[in-house]
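To start, the structure under review is shown below, and the notes come after it.
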């Protein structure tokens with residue numbers, strides 16, 4: 001079981017369509033279960049989680065657009081689900097490097113939890129700089145890891161490539177879908193790869209899908225970023 005020092009919750013942030021359908025729901029539930037078992041949380045079962053999500057939609061006002069669905073689960077397996085409208089994503093948002101280095105040996109990087117001290121300053125900075133979708137972190141070996149809210153992809157030759165989990169990152173549900181369907185491959189990527197001026201960049205998360213971003217050349221490489 002988790003200790004008092006580890007009193008955090010698991011998170012899943014999902015996108016539902018206008019009919020309330022979550023296309024990646026199975027991936028979210030599988031990740032939630034894997035983290036619960038690994039971290040000593042009580043697992044209430046798929047049915048209980050799905051019922052909690054359905055109940056949240058019953059209390060939601062009618063929406064004709066996309067919906068952000070946020071699920072929290074505490075160590076006892078109790079869940080809280082909230083919904084909110086999901087605004088449109090601006091075309092080709094900016095991305096740059098964060099100055100903070102992640103420790104690839106930090107096991108909690110591979111679980112989506114409310115314990116995210118390494119991303120707190122970045123989250124604050126992004127709130128004040130909304131032209132940016134995310135800042136990308138490096139690990140202690142100067143390998144690309146992930147953003148504070150997304151996985152990263154670079155196009156190398158004819159293939160889109162994303163860092164492996166061992167670099168220190170969360171296995172995003174959209175990332176897993178892209179790997180499973182053969183749209184991307186895993187490979188170690190470095191800061192040098194990111195610095196290439198003509199490199200094509202994409203990010204992904206379960207809310208926004210898989211989308212193009214542009215590197216912020218005038219601010220690169222992010223010395224002023226958190």
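Values quoted throughout were computed directly from the atomic coordinates according to the rules given, and no laboratory measurement underlies them. Here the structure is a predicted model, which is why all the values come from computation and not from measurement. Cβ coordinates were reconstructed from backbone atoms using ideal geometry, including for glycine residues, and neighbour counts include every protein chain displayed.
Values for this structure:
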item	result
Tail beyond 22 Å, pair distance distribution of segment 94-215 (Cα, percent)	26 percent
Rounded if a/c under 1.5, otherwise prolate or oblate - segment 29-145, Cα gyration tensor axes	oblate
GNM result for the chain, Cα springs below 10 Å: residue of 151, 74, 129 fluctuating most strongly	129
Fluctuation leader among 157, 77, 182 - the chain, Gaussian network, Cα springs under 10 angstrom	157
Fraction of the pair-distance distribution of segment 4-85 above 15 Å, Cα-Cα pairs, percent	54 percent
Pairwise label distance in nanometres, residue 179 with residue 38, each label 7 Å out on the Cα-Cβ vector	1.1 nm
Kirkwood-based shape ratio for the chain, expressed as Rg/Rh from alpha carbons	0.96
Segment residue 58-residue 196, extension gain: residue separation times 0.36 nm, minus the distance between their alpha carbons	44.8 nm
Packing-based exposure ordering (other Cβ within 10 Å, fewest first) of 123, 13, 83	123, 13, 83
Extension gain (nm, one decimal) between residue 107 and residue 7, 0.36 nm per residue minus Cα-Cα	34.4 nm
Förster radius 30 Å - calculated FRET efficiency between residue 140 and residue 70, Cβ distance, rounded to 0.05	0.45
